[in-house]
Amino acid sequence: MMQDRAGHRRDATLSVPIVILVGIAVVMLNSTDAVAQTRSITDNSITWPTWEKFWRALTLRDHTTRVVVIGTTLLGMAAGVIGTFAYLRKRAMLGDALSHATLPGIALAFLIIGEKQLGWLTVGAAVTGVVGVLAVMGLRRIPRVKEDAAIGIVLSVFFGVGMVLLSLIQELNTGKEAGLGSFIYGKAAAMLTSDAQTIGVLAGVVVLCCVLLFKEFRLVCFDQAYASAQGWPVALIDLLMMSLVVLTTVVGLQAVGLILVVALLIVPAAAARFWTDALLPMTLVAAAFGAISGWFGSTVSAFVSRMPTGAVIVLSAGVLFLISMIASPHRGVLATILRRWQLARRIADQHLLRAMAEFEESRGLATTVDESELWSMRSWTASGFSQVLARAARTGWIARNKHSVQLTETGRASARRVLTNHRLWELYLIRYADIAPSHVDRDADEIEHVLSEELVTELRQALKEKADVPPSPHNLGAGI
Amino acid sequence: MQWEWSIDGWIVLAGVLSACSCALVGNFLVLRKLSLMGDAISHAVLPGLAIAFLISHSRAAGPMFIGAVIVGVLTAFLTQVITRHGKVEHGAAMGVVFSILFALGLVLIRQAADHVDLDPGCVLYGDILAVGLDAFEGTFPKTVVNLILVMAANLLFVGLFYKELRICAFDPDLATSRGIPANVMHYALMIMVAVTTVANFEAVGSILVIAMLIVPAVTAHLLTDRLGVMILLSLIAAAMSAIFGHIVAMFGPGWLGFDATVNTSAMMAVIAGVLLLLTVLLSPEHGVFGRAYHRLVLSTRIIAQDALGWLYRRSEAGQPVVALTELETVIGRTLRARFALRRLRQRGLVYASAGNDLRLTDKGRIEAERLVGSHRLWESYLAEHFALDTDHLHEPAHRMEHFITPELREDLQADVPDATTDPHGKPIPSTPRDDD
């Protein structure tokens, strides 16, 4: 069976380079017919869209719009998928170094060929992009060069080389260099049908590879040490993952530009992380977020003038990120705040109950306690105190008279439970953690609210405590 | 291309000033593993520039500067918020923040583009040559004045808070326990980075800023362990990058046969990279060549010591003279092995007869006794303290014997005082005095 699995593994790993090669071949083929056409769309259209234009953009009537929208949507999806793995592998910022490192490749390819052939420029970009990634890996092996510094070095120096070459090209003034700069900021509006096809094919390649290698990628992302101990070719899997990132980046250059392409990799994945803890749903959500951003961004920039497509795509992804971070049910900021608030309320309630239980302990059952007496037990604020009293009365824990309170039957049960937890923990601290009896009260105060039923049972057993409510190990103070 | 001191001198001065001011704060970024913060801030300030412009309706330097610095610090703040509250990894959080802000900046600038020539490109390239143009008109270039101010501010900052910055760079927790607010220092550093970045934009462009924040500091860190020296070296590296950067930008294409000049700022970044590469290769302690040399020396020493030990054991077994070919079956016939053997003969530890028969000299015997003694002491020590079988003792001792210093040997001796023979029953040679 092991053999069987190993065989399958080899097949799957082998299939990826083949798929990538096919993809590149398609790019090359497509690029040949793209050469002849000039790609310049000047963006001085109408300032505000008419309703008709809006409708046409939304329903993909215009050929150009359709091409751009489909292309960027597919791109966003592919970037979301591979970005998920890059994000989990903590390689997110490596994408930034990679995308900046493509610039010298683009410029070199142009210098060598002498004209703007998208296919060759893309190949050049991919080559120096890979060199950049390898440079980061190489730099990291040098003692004292940390990951972030390695990324920053490659990013700035490679980009510097690219700028040097671009300025050289400009000075040489062959007249064919116009638009090379669009790789920096992207120019999705200038996308041709063939480009959209190319993006479509490559997006398919990336998604297909991720599906084929899902298990391998997951293993490497979550437990690299285990994967290599099990005999998986971790370095090879890593390399394949990075090749897919390179592929996505290079394809994305034209649409969103090399500065922002890293956002397509990071932002949807980071947003998806808020919604789920499992890999498959996270990948799907990231793909959806990427696709939505791509679609929305290109649609908006199609009917609102002076909206750079790449930037709007990234902003859409940013909005999705913001929504995720704020509103996601488990990890979101709102959910966290809500949980904290609920905990704070529960703690306040339990403080009240324990104070009441301690009064009953010293004065006998069903004693009435003056509100001012109760208030002096803890450092309650006036409004906090009245809120907690009102809440306890609503829940039916206490009965309120004019200025005094009394525990009800249900309240007494809860109060005694809280007091038991507190006392058990105090005893535990004294016996096992060697804390002086005079100091345990405060420590127990923090932990008593989060003791589970099982833990309380265990504490009782460990302490061999039989009393329903154990007596206090320290002086309760003058008030009682 | 002609070198004009009245123009190129100013350009180089501007380059040196901005490179040095970046490198100065860059040291602390690199040490705190925040290198990419410079990258993030320099991209993220774009919306600050745009909003300042949209509000003030002018390209006046003041509002633009303030807007950019505010957004720059906001970048650091938002990154921290997302890292903490979203539990997103720091690098990724930074990527999210800066790319979204940059995208926002691009959109805003495109909205304003009708009214003004506010080219996002100017942020990338900068226009260092404009310094020269200013000078050409016979005035003291304003950019240089600004850069001097920034440099002075950075020097003042680092000078005043040197102790705090140092302790925060190496151990923020220790800093907190000593009453230095690490978080305040973090933001102070971020403000300085933002100020430096923004002030240098116009002069040299963001790509040079990012390079100068990181590259010279890393270069310096490869050369020294002391922070003060590191800062000094990074300043030297930065200044060298600026000077040679401009020279190469002016004349480099000519050397390659192009009739052109290239972008000075970008070339400065490239030269900084070249300096780093040279350091990576040549640094005595951490460099690639240095480490390879150390490894070579060490491995040669180990081979020589293995040869000595083997000769000693053979003479112990009653065969004091051994043929060279026999030794070669143990240490091999590689270049390194032959070199090691030659060193042994040169140092007079091994005597080789005309017929290539080898034996230990008296001096060699003392050396070998020390070595084999260390080996057998280590075996005794292992046998005493670890539950290892006797046949498992040799390998670790064989590896360890090369690294047992006289002090360690004394400690071992004290630990197993009664050992006169090793666990295999072989005698442990008595400790030779180290005064030969």
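For A:Ile259, the criteria (1) part of a helix (DSSP H, G or I); (2) out of contact with any Lys or Arg (no Cβ under 9 Å at 6 or more places or on another chain); (3) within 13 Å of another protein chain (Cβ to nearest Cβ); (4) of a type in the set (A, V, I, L, M, F, W, C) hold in every case but one, which is (1). The combined condition, being facing another protein chain (nearest Cβ under 9 Å) and surrounded by 24 or more Cβ atoms within 10 Å (Cβ to Cβ), is fulfilled by A:Ala269. With respect to (1) within 14 Å of chain B (Cβ to nearest Cβ); (2) modelled with pLDDT of 85 or more, the lone exception for A:Leu244 is condition (1).
Take B:Ala260 and decide whether it is in contact (Cβ under 8 Å) with a residue 12 or more places away in the chain and either closer than 16 Å to B:Ile214 by Cα or within 8 Å of chain A (Cβ to nearest Cβ) (or both).
Numbers: in contact (Cβ under 8 Å) with a residue 12 or more places away in the chain: no; either closer than 16 Å to B:Ile214 by Cα or within 8 Å of chain A (Cβ to nearest Cβ) (or both): yes.
Taking the combined requirement at face value, the residue does not satisfy it.
Residues that are within 13 Å of chain B (Cβ to nearest Cβ) and within 32 Å of the chain's Cα centre (by Cα) within region A:92-130 comprise A:Ala92, A:Met93, A:Leu94, A:Gly95, A:Asp96, A:Ala97, A:Leu98, A:Ser99, A:His100, A:Ala101, A:Leu103, A:Pro104, listed in sequence order. All conditions in (1) crowded, with 20+ Cβ neighbours inside 10 Å; (2) at pLDDT 75 or above; (3) in contact with a Lys or Arg (Cβ under 9 Å, 6 or more places away or on another chain) hold for A:Met191, with the sole exception of (2).
In this structure, does B:Val81 turn out to be within 14 Å of chain A (Cβ to nearest Cβ), under 31 Å from the mean Cα position of the chain (by Cα) and free of Cβ contacts under 8 Å to residues at least 12 places away in the same chain? If you could, list the steps in order and put the result at the bottom.
Numbers: within 14 Å of chain A (Cβ to nearest Cβ): yes; under 31 Å from the mean Cα position of the chain (by Cα): yes; free of Cβ contacts under 8 Å to residues at least 12 places away in the same chain: yes.
Answer is yes for this residue.
Looking across B:Val248, B:Val218, one residue alone is closer than 27 Å to A:Ile184 by Cβ, crowded, with 16+ Cβ neighbours inside 10 Å, within 24 Å of the chain's Cα centre (by Cα) and at pLDDT 85 or above. It is B:Val218.
Restricting the search to helices (runs of 4 or more DSSP H) fully inside region B:215-317 and requiring at least 2 residues that are among the basic types (Lys, Arg) and either over 18 Å from A:Met163 (Cβ atoms) or not assigned by TED's automatic domain parsing to the domain that holds B:Ala19 (or both) gives B:288-316.
When residues in region B:184-203 are screened for being surrounded by 24 or more Cβ atoms within 10 Å (Cβ to Cβ), farther than 19 Å from B:Cys168 by Cα and β-branched (Val, Ile, Thr), 3 of them pass. Residue count for region B:92-106 satisfying the condition of being crowded, with 24+ Cβ neighbours inside 10 Å, over 16 Å from A:Tyr87 (Cβ atoms) and facing chain A (nearest Cβ under 7 Å): 3.
Would you mind stating whether B:Ala387 is of a type in the set (Gly, Ala, Ser), touching a Phe, Trp or Tyr at 6+ places or on another chain (Cβ under 9 Å) and assigned by TED's automatic domain parsing to the domain that holds B:Pro429? Spell out the reasoning first.
Numbers: of a type in the set (Gly, Ala, Ser): yes; touching a Phe, Trp or Tyr at 6+ places or on another chain (Cβ under 9 Å): no; assigned by TED's automatic domain parsing to the domain that holds B:Pro429: yes.
Against the criterion (of a type in the set (Gly, Ala, Ser), touching a Phe, Trp or Tyr at 6+ places or on another chain (Cβ under 9 Å) and assigned by TED's automatic domain parsing to the domain that holds B:Pro429), B:Ala387 does not qualify.
Surrounded by 23 or more Cβ atoms within 10 Å (Cβ to Cβ) and in contact (Cβ under 8 Å) with a residue 60 or more places away in the chain: does that describe A:Thr65? Taking the combined requirement at face value, the residue does not satisfy it.
Applying a threshold of 6 Å to beta carbon distances and a minimum spacing of six or more residues, or different chains, the list of pairs starting in region B:193-211 at a residue that is closer than 22 Å to A:Ala150 by Cβ and ending at one that is of a type in the set (D, E, K, R) and part of a helix (DSSP H, G or I) reads B:Ile210/B:Asp39. Taken over region B:326-363, the criterion of being under 19 Å from B:Ser299 (Cβ atoms), in contact (Cβ under 8 Å) with a residue 24 or more places away in the chain and charged (D, E, K, R) is satisfied by B:Arg336, B:Arg343. What residue, among those in region A:160-188 that are at the interface with chain B (Cβ under 7 Å from one of its Cβ atoms) and touching a Ser or Thr at 6+ places or on another chain (Cβ under 9 Å), is modelled with the lowest pLDDT? Filtering region A:160-188 for residues that are at the interface with chain B (Cβ under 7 Å from one of its Cβ atoms) and touching a Ser or Thr at 6+ places or on another chain (Cβ under 9 Å), the one modelled with the lowest pLDDT comes out as A:Glu171.
The values are calculated or read from the model by the stated rules, or taken from the named source; none is laboratory data. What you see is a predicted model, and the numbers here were worked out from it, not measured in a lab. As a convention, Cβ positions derive from the backbone with ideal geometry for all residues, glycine included, and neighbour counts pool all protein chains shown.
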